[in-house]
1. Do we have any residue at all in the range 70-79 that's open to solvent by 90 Å² or more (accessible area, probe 1.4 Å) and modelled with pLDDT under 85?
2. How many residues are closer than 25 Å to LEU74 by Cβ, in a loop (DSSP other than H, G, I, E, B) and touching a helix residue (DSSP H, G or I) at 6+ places or on another chain (Cβ under 7 Å) if we restrict to the range 105-150?
3. Output the residues belonging to the range 112-124 that are acidic (Asp, Glu) and open to solvent by less than 60 Å² (accessible area, probe 1.4 Å).
4. Anything in the range 1-47 that is assigned to a loop (DSSP other than H, G, I, E, B) and not hydroxyl-bearing (Ser, Thr, Tyr)? List them, or say none.
5. Hey, does the range 49-70 have a residue that's in a loop (DSSP other than H, G, I, E, B) and among the hydrophobic types (A, V, I, L, M, F, W, C)?
6. Mind telling me which of the residues LEU137, LEU61 ends up being surrounded by 11 or more Cβ atoms within 10 Å (Cβ to Cβ), over 14 Å from the mean Cα position of the chain (by Cα) and farther than 30 Å from ALA32 by Cα?
7. Is it fair to say ALA159 is part of a helix (DSSP H, G or I), modelled with pLDDT under 85 and surrounded by 12 or more Cβ atoms within 10 Å (Cβ to Cβ)?
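The values are calculated or read from the model by the stated rules, or taken from the named source; none is laboratory data. Computed from a predicted structure; not experimentally measured. So basically every Cβ, Gly included, is an ideal-geometry build from the backbone, and we count neighbours across all protein chains shown. Keep in mind that these areas ignore ligands, DNA and RNA; they rest on the heavy atoms of the full protein, side chains included. Shrake-Rupley method; radii C 1.70, N 1.55, O 1.52, S 1.80 Å.
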Amino acid sequence: MRFEGLFRSHAGAVRGYALRRTDPDEAEDVVAETFLIAWRRFDDIPANAAPWLLGVARRVLSNRRRSDRRVLSLSDRLAERERRKPSGTDDTDLRLTIEAALERLPEKEREALRLLAWEGLSTVEAATVLGCTRATLAVRMHRARRRLADIIDGQIAGADAAKRGSWRTTTRAEER
C-alpha cells in the first residue's frame, strides 16, 4: 500500500523527467526501472522521496546511455575486425571450428571464456559479472581451456584421419 502511494505520487514527475531527456518508449522503461529500484530499496527512501527518485532516474538514464555507447563501440569494433579479416578459407575454417567447439562447452565455461577473451574483462570483472569468486572463475577457465583444446584437437584429428583414409583408399585401389 505504501509503495502504491509512492508510485501514484511520484510516477508523473519521474516520467516527465525522463521524457525531457529521452524518447517516450525509453522514458517508460526508465520509470519502470526507477520504481523497481525503489521497490528493492524501499527502506532507503527518505521522507522527501521526489529528489531520491529523480536521482535514481538520472542514474538509470546514465546507465542506459553508457550501455548504448558500449553497444555502438562493440559493433564498430566488430565491423572493423570484419573489414580487416583475411578472406582465406583457412581463417574461415579455423573460426568455424572454434565456434563449433565453443558451442559444445557447458554454458558457464563458454561465458567465462567469452567474457575474458572477447569482452577483454579482467578476472575480477568477469567473476563479478558471473556472480562467482575468482577461484571459481579460475576453475571454470581451466576446465574450459582443457575441454576446448580436446574438442578442437579431436575435430582436427578427425579431419586428418578422413583425409588419410581417402588417400589410403585411393592408393590401395591403384595397387589392385
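1. yes
2. The first filter runs over the range 105-150 and keeps only residues closer than 25 Å to LEU74 by Cβ, leaving 105-132, 134, 137, 140-141, 144-145, 148.
Restricting the remaining residues to those that are in a loop (DSSP other than H, G, I, E, B) gives 105-106, 119-122, 131-132.
Right, trim to touching a helix residue (DSSP H, G or I) at 6+ places or on another chain (Cβ under 7 Å) and you get 105, 121.
The qualifying residues number 2.
3. Within the range 112-124, the subset acidic (Asp, Glu) is 119.
Hits for the range 112-124: nothing passes.
4. MET1, ARG20, ARG21, ASP23, ARG41, ILE45, PRO46, ALA47
5. The first filter runs over the range 49-70 and keeps only residues in a loop (DSSP other than H, G, I, E, B), leaving none.
No.
6. Numbers: LEU61 fails: farther than 30 Å from ALA32 by Cα.
After ruling out the rest, the residue left standing is LEU137.
7. Numbers: part of a helix (DSSP H, G or I): yes; modelled with pLDDT under 85: yes; surrounded by 12 or more Cβ atoms within 10 Å (Cβ to Cβ): yes.
So ALA159 fits the description; yes.
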